[in-house]
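Student: Questions regarding the structure given below will be posed in turn.
The values are calculated or read from the model by the stated rules, or taken from the named source; none is laboratory data. This is a predicted model, so every value here is computed, not measured. Backbone-built Cβ (ideal geometry, glycine too); neighbour counts: all protein chains shown. Side chains are part of the model used for accessible areas, which takes the heavy atoms of the whole protein and leaves out ligands, DNA and RNA. Shrake-Rupley method; radii C 1.70, N 1.55, O 1.52, S 1.80 Å.
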Amino acid sequence: MEYSKKYIVNDNHTDKEGWLDNTYYLFCMESCRYNYLKEMLDFDSDEEAKRNIYLKVYDYKIESDGILKKGDNFCVTCSVFLNSAEKQYLDFKHSVIINDKIVSVGVFSVNFIMVSADRL
């Protein structure tokens, strides 16, 4: 099951040359992941946090083969898989797509954890 969300590169998210800041790729992938969880899996991270249940990213890898610039319209997709090596983790795979071309791929290994109130 794949989920997608559209974005536009605006001035606030670019560097001096007008290219999309690298940290914004992470933001878009995270935003897409939380929307996927809420809209596709009915997991509301805000509600779960009230019960001390959190989504913890343990590892991630991002590969890029293109650059986005100010004004670009792009799409981020998200799908989830069981981690083949570590069965307690889920892998969220994200693709950043512009003009039907994948310019970046990120895989985030996550787990749901319960944190005791005294640790918050």
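Student: Using a 1.4 angstrom probe on the protein heavy atoms only, line up Leu37, Leu55, Leu90, Leu82 by accessible area, largest first.
Tutor: Per-residue accessible area, sorted high to low, gives Leu82, Leu90, Leu55, Leu37.
Student: Report, to the nearest whole %, how much of the accessible area of the chain belongs to carbon and sulfur atoms, 1.4 Å probe, protein only.
Tutor: 49
Student: Taking 20 Å as the cut-off for C-alpha to C-alpha distance, list the pairs among Lys38/Lys69; Lys70/Lys101; Lys38/Lys61; Lys38/Lys101 that go past it.
Tutor: Lys38/Lys69; Lys38/Lys61; Lys38/Lys101
Student: With a 1.4 Å probe and all protein chains in place, put His13, His94 in order of accessible area, largest first.
Tutor: His13, His94
Student: Give me the dipole magnitude in Debye, nearest 20, for the stretch 1-81 about the Cα centre, with unit charges on the beta carbon: positive for Lys and Arg, negative for Asp and Glu.
Tutor: 60
Student: Further question on the same structure: Report the percentage of all Cα-Cα pairs in the stretch 76-120 whose separation exceeds 17 Å, rounded to a whole percent.
Tutor: Above the 17 Å cut-off, the stretch 76-120 has 49 percent of its Cα pairs.
Student: Taking 25 Å as R0, compute the FRET efficiency from the Cβ-Cβ separation of Glu39 and Asp15 and round it to 0.05.
Tutor: Taking R0 as 25 Å, the efficiency between Glu39 and Asp15 is 0.20.
Student: Please give the helix 22-41 orientation as an angle from the longest Cα principal axis of the chain, in degrees from 0 to 90, rounded to the nearest 10.
Tutor: The angle comes out at about 50 degrees.
Student: Using only protein heavy atoms and a 1.4 Å probe, report how much of Ile97 is accessible, in Å² to the nearest 10.
Tutor: The accessible area comes out at roughly 40 Å².
Student: Report, in deg cm²/dmol and to the nearest 500, the calculated mean residue ellipticity at 222 nm for the chain, where each DSSP H run with n ≥ 4 adds -39500 (n - 2.57) and the sum is divided by the residue count.
Tutor: -7000 deg cm²/dmol
Student: Could you work out the mean projected area of the convex hull around the alpha carbons of the chain, in square nanometres to one decimal?
Tutor: Seen from a random direction, the Cα hull of the chain projects 8.6 nm² on average.
Student: Roughly how many Å² of Lys101 are accessible to a 1.4 Å probe, to the nearest 10?
Tutor: About 100 Å², ignoring ligands and nucleic acids.
Student: So for Lys56, Lys61, what's the accessible-area order with a 1.4 Å probe, most first?
Tutor: These residues rank, largest area first, as Lys61, Lys56.
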